[in-house]
Amino acid sequence: MAEGRGRPADRTATPPGTPSGARRTRRGRPGHDRESLLRVAVGLFNERGFDGTSMDDLARELGVTKAAIYHHVPGKQELLRLAVDRALDGLFALADELDSVPGRAVDRLEHLVRGSVTVLVDRLPFVTLLLRVRGNTEVERDALERRREFDRIVAGLVADAVADGDLRSDVDPATTARLLFGMVNSLIEWYRPQGHIGGPDLADAVAKVAFDGLRTRPPG
C-alpha cells in the first residue's frame, strides 16, 4: 500500500543510512524512583511548607502524573514519614554507637555532638524538614516524640559528665543539652554545602565553641 493512502507511515522506522542493527528509540521524560521522588518532595516541603504542598504541585515539579507518584508511595504523609525518618535514623545510629566510644561521659557527649553535625551536613534537607515539623499530624507527632527521646539521651550524658566533674555544674543538664543542640540545629539557617567549610571542620568548630565553655578547668 502506498504511503499517504490507508495506513500512516511508520514515523519510528529506521531512516536510510542508519547502520545495520541500530535503532532509533523514542525519547521520553526520565522516570523517577522512590529516592528521587523523596528528594524532590523534601525540597518542595522545605520551600512551601508541608501543608502548602499538594500532590498536584509535586506531580508538576516532577513532570509526571499523580498516578506515577502513587506507584511509589500511598500519599504525602508517607513522603513526610520517609523524610523525617531519614534524619532521625541518622541521629539514633549515633546514639547506638555510644557504648563503644572510649573514655568518659563527656567524650561520648562530644562524639554525639560532632556526629550530629555530620548527620546534619550529610542529610541537610531532611534535617531541615524535621526541625520544622510542629505536630499537626500523626507522622509529625511521632517525629517529635523521637526527638524528645534523643534529647533525653543527650541530657543524660550531660548529667553523667557533670557528675564526673568534667562539665560545669552551675547549668541545669537539660538546659545545657538544649543549648548544645540549639547551636547544632541553627546550622540549617545558614550552612550551605557549597560553601568554604566542610562537615569535619564545621564539627570541629561547634565542638570547640561548645566544650571550651562547658568543660571544667583545674584551679589556677
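The values are calculated or read from the model by the stated rules, or taken from the named source; none is laboratory data. As the structure is a prediction and not an experimental result, all values here were calculated from the model. Here the Cβ is made from the backbone with ideal geometry for all residues, glycine too, and neighbour counts use every protein chain on show. What goes into the accessible areas is simple: the full protein's heavy atoms, side chains included, and nothing from ligands, DNA or RNA. Shrake-Rupley method; radii C 1.70, N 1.55, O 1.52, S 1.80 Å.
A few points about this structure:
- Summed side-chain charge close to Leu144 - residues other than Leu144 whose Cβ falls under 15 Å, Lys, Arg +1, Asp, Glu -1: +2
- Taking every protein chain into account, the accessible area of the stretch 56-142 amounts to 47 square angstrom per residue (probe 1.4 Å).
- Ellipsoid semi-axes in whole angstrom, largest first, where each is sqrt(5λ) of the Cα gyration tensor of the stretch 64-190: 33, 14, 12
- Amide proton proximity set for Leu167, modelled H, under 5 Å, gap of 5+: Val162, Thr216
- Note on the stretch 72-197: with charges restricted to the Cβ of Lys and Arg (+1) and Asp and Glu (-1), its dipole about the Cα centre is near 540 debye.
- Summed residue charge, Cβ within 15 Å of Thr216's Cβ, Lys/Arg positive, Asp/Glu negative: -3
- Distance distribution P(r), the stretch 129-220, all Cα-Cα pairs, bin width 10 angstrom from 0: 14, 37, 32, 15, 2, 0 percent.
- Accessible-area rank, largest first, for Asp99, Asp57, Asp142, Asp204: Asp99, Asp142, Asp204, Asp57, with all protein chains present and a 1.4 angstrom probe.
- By accessible area, using a 1.4 Å probe on protein heavy atoms only, the stretch 42-132 has 48% of its surface on carbon and sulfur.
- Surface accessible to a 1.4 Å probe, Ser169 within the full protein complex, Å²: 90
- Projected label distance in nm at Thr175 and Ala93, using a 7 Å step from Cα toward the beta-carbon: 3.5
- Gain on full stretching of the segment that runs from Lys66 to Ser100 - 0.36 nm per residue minus C-alpha separation: 7.6 nm
- GluC sites (Glu not before Pro) within the stretch 114-156: DSSP coil, no more than 15 neighbouring Cβ in 10 Å: none
- Using a Förster distance of 25 Å, the FRET efficiency for Asp57-Arg141 (Cβ separation, nearest 0.05): 0.55
- Residue (of Val113, Val154, Gly135) at the positive-pole extreme of the stretch 109-220, dipole from beta-carbon charges: Gly135
- Rounded to whole numbers, the Karplus 3J(HN,Hα) couplings from phi for the stretch 59-68 are 4, 5, 5, 7, x, 10, 7, 4, 4, 5 Hz, using 6.51 cos²θ - 1.76 cosθ + 1.60 with θ = phi - 60°, and x at Gly and Pro.
- Restriction of the trypsin sites (Lys or Arg not before Pro) in the stretch 120-220 to DSSP coil positions whose beta-carbon has at most 12 other beta-carbons within 10 angstrom yields Arg134.
- Computed from backbone phi, the HN-Hα couplings of the stretch 76-83 come to 5, 4, 5, 4, 5, 4, 4, 5 Hz, rounded to whole numbers (Karplus: 6.51 cos²θ - 1.76 cosθ + 1.60, θ = phi - 60°; Gly and Pro given as x).
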